[in-house]
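Trainee: Attaching a single structure in structure tokens format; questions to follow.
The values are calculated or read from the model by the stated rules, or taken from the named source; none is laboratory data. Just so we're clear, the structure is a prediction, and the values are computed from it rather than from any experiment. As a convention, Cβ positions derive from the backbone with ideal geometry for all residues, glycine included, and neighbour counts pool all protein chains shown. Please note that ligands, DNA and RNA were not included when accessible areas were found on the heavy atoms of the full protein model with its side chains. Shrake-Rupley method; radii C 1.70, N 1.55, O 1.52, S 1.80 Å.
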Amino acid sequence: MSDPIKVITEPTVRLVGRQVIDEAELSAFLKDEDAETWTTDTDVSAEKIVEVSGRICYRSYSKPRPGGNAAYLNHILEVGHGSVIEHAVYNFIITGVSRSLTHEWVRHRAGWSYSQRSQRFIDEGDLSAVVPPALAAEVDEALSLTRQFGVSAHDLLQTARIPSAAAGAGRRWLASMEKARRDYSYLADYLASKTAGQPVSQEERTLRRKRAREAARSVLPNATATEIFVTANARALRTFIEQRGDEHADAEIRRVAFAMLGILQADSPNLFGDYVVTDRPGVGQVISTPYHKV
Ligand SMILES: Cc1cc2nc3c(=O)[nH]c(=O)nc-3n(C[C@H](O)[C@H](O)[C@H](O)COP(=O)(O)OP(=O)(O)OC[C@H]3O[C@@H](n4cnc5c(N)ncnc54)[C@H](O)[C@@H]3O)c2cc1C
């Protein structure tokens, strides 16, 4: 039996970079403004930078209202002064997500930057696949059968009686991934063999490999796992979390929105603390806020 398909059931979301402030330069600016006594009560650079940028609009460093940074940012959200929260930037690495998820993700344009694993440079012959949440139990059942009988999902029908409709559906999903992987490798090898043996430069060899992989990847499924580095500002992240934490969003991207919200609420509570997660009957958890699309 060929190596089993690696099935991924959960995304991994890592906040790998965040805002920093050059305190010396900020102090020099405040001194120029005769506002060197201004301080704020947050230790979170993202929250502080938003307050600094908001206060520049009205030169309000000298007369802060009570309530500190939390009250200040809450007011920004309340009045929808969204451009101010664009100054806080976060960097995430997300792994264990599907190409269908990233295709939806890159539709978010304003305030986002992306770097995604290339299917032209990287061989997908050891394809990992992200199982959609709705099929997770089925695939799990089928996977245990393949392990029990030591066969591929494709061969499972010949070897064992499939005990349930769920296992049958899972087997079909797995067999489809196995077939895609076989076809991908076959086509990549075939295309590489067409030009094998010809003396070429290293640069030309790389280009040919790219040409073979870019054509072979056309048979890869939406479920193919990928990795993406995303940078976004707080305003863009808020819009994403709202749109993708909603009941109408795709189940896989919803999971990522929930994971990001948890991370951001722990990291910058004054910028993301207004979101609440509630259970909606028949839907499951949804994310909502009184400050829609700031
Ligand atoms: C549940 C759901 C279902 C979806 N289904 C589909 C679908 O079937 N097909 C499909 O193609 N997409 C679909 N989408 C994607 C959707 O249409 C948006 O492309 C995506 O959600 C990004 O939203 P956005 O444009 O508001 O975000 P961003 O691109 O991040 O923009 C943020 C905001 O900036 C402003 N903005 C950005 N660009 C411009 C501009 N060029 N001109 C003026 N204002 C601008 C707008 O106010 C915008 O809301 C779906 C999204 C969701 C959440």
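Trainee: I need every pair where a residue in segment 230-245 that is assigned to a helix (DSSP H, G or I) and near the ligand (Cβ under 9 Å from one of its atoms) has its Cβ under 7 Å from the Cβ of a residue that is among the acidic types (D, E) and open to solvent by 10 Å² or more (accessible area, probe 1.4 Å), sequence separation at least 6 or different chains.
Mentor: Every condition considered, the pairs that remain are R235/E86.
Trainee: Any residue in segment 112-128 that's more than 30 Å from I85 (Cα to Cα): show its pairings with residues that are open to solvent by 70 Å² or more (accessible area, probe 1.4 Å) and within 16 Å of the ligand (Cβ to nearest atom) at Cβ separation under 9 Å, as long as the two are six or more apart or on different chains.
Mentor: Close Cβ pairs (under 9 Å, with a partner that is open to solvent by 70 Å² or more (accessible area, probe 1.4 Å) and within 16 Å of the ligand (Cβ to nearest atom)) do not exist here.
Trainee: Moving on to the next point. Looking for whichever is in contact with a strand residue (DSSP E or B) (Cβ under 8 Å, 6 or more places away or on another chain) and either over 19 Å from K6 (Cβ atoms) or touching a residue at least 60 places away in the same chain (Cβ under 8 Å) (or both) here; the options are L174, L191. Which one fits?
Mentor: Every option except L174 fails the conditions.
Trainee: Has segment 194-217 got at least one residue that is polar (S, T, N, Q) and under 20 Å from the mean Cα position of the chain (by Cα)?
Mentor: Within segment 194-217, none of the residues are polar (S, T, N, Q) and under 20 Å from the mean Cα position of the chain (by Cα).
Quick grid of which residues meet (1) under 30 Å from D155 (Cα atoms); (2) more than 36 Å from the chain's Cα centre (by Cα); (3) in contact (Cβ under 8 Å) with a residue 40 or more places away in the chain:
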{"residue": "V7", "(1), (2), (3)": "yes, no, yes"}
{"residue": "T12", "(1), (2), (3)": "no, no, yes"}
{"residue": "E23", "(1), (2), (3)": "no, no, no"}
{"residue": "D34", "(1), (2), (3)": "no, yes, no"}
{"residue": "E47", "(1), (2), (3)": "no, no, yes"}
{"residue": "V50", "(1), (2), (3)": "no, no, yes"}
{"residue": "R59", "(1), (2), (3)": "no, yes, no"}
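Trainee: Now, a different point. Return a yes/no flag: does segment 258-268 have any residue that is in contact (Cβ under 8 Å) with a residue 24 or more places away in the chain, crowded, with 20+ Cβ neighbours inside 10 Å, within 16 Å of the ligand (Cβ to nearest atom) and over 23 Å from L77 (Cα atoms).
Mentor: No, segment 258-268 contains no residue that is in contact (Cβ under 8 Å) with a residue 24 or more places away in the chain, crowded, with 20+ Cβ neighbours inside 10 Å, within 16 Å of the ligand (Cβ to nearest atom) and over 23 Å from L77 (Cα atoms).
Trainee: Report every pair of residues separated by at least 6 positions or lying on different chains whose Cβ atoms are under 7 Å apart, first residue within segment 79-104 and without any contact (Cβ under 8 Å) to a residue 60 or more places away in the chain, second part of a helix (DSSP H, G or I) and not β-branched (V, I, T).
Mentor: Final answer for the pair search is V84/S53; V84/G54.
Trainee: Residue check, D274 against (1) surrounded by fewer than 20 Cβ atoms within 10 Å (Cβ to Cβ); (2) in contact (Cβ under 8 Å) with a residue 60 or more places away in the chain; (3) within 12 Å of the ligand (Cβ to nearest atom), all met but one. Which one?
Mentor: (3)
Trainee: Out of all the residues in segment 251-286, which are hydrophobic (A, V, I, L, M, F, W, C), over 12 Å from V13 (Cβ atoms) and under 17 Å from the mean Cα position of the chain (by Cα)?
Mentor: Within segment 251-286, just A251 meets the criteria.
Trainee: Output the residues belonging to segment 174-203 that are over 17 Å from D123 (Cα atoms), at pLDDT 95 or above and open to solvent by 30 Å² or more (accessible area, probe 1.4 Å).
Mentor: Result: S176, single match.
Trainee: If you don't mind, another one. Considering (1) modelled with pLDDT under 95; (2) closer than 20 Å to D267 by Cβ, say which one V84 fails and leave the rest.
Mentor: (1)
Let's see how each residue does on (1) loosely packed, with under 15 Cβ neighbours inside 10 Å; (2) within 16 Å of the ligand (Cβ to nearest atom):
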| residue | (1), (2) |
| --- | --- |
| F92 | no, yes |
| T102 | no, yes |
| W105 | no, yes |
| S115 | yes, no |
| L135 | no, no |
| R147 | yes, no |
| R161 | yes, no |
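Trainee: Looking at (1) modelled with pLDDT of 95 or more; (2) open to solvent by 60 Å² or more (accessible area, probe 1.4 Å), find the lone condition where R280 falls short.
Mentor: Of everything listed in (1) modelled with pLDDT of 95 or more; (2) open to solvent by 60 Å² or more (accessible area, probe 1.4 Å), R280 misses just condition (1).
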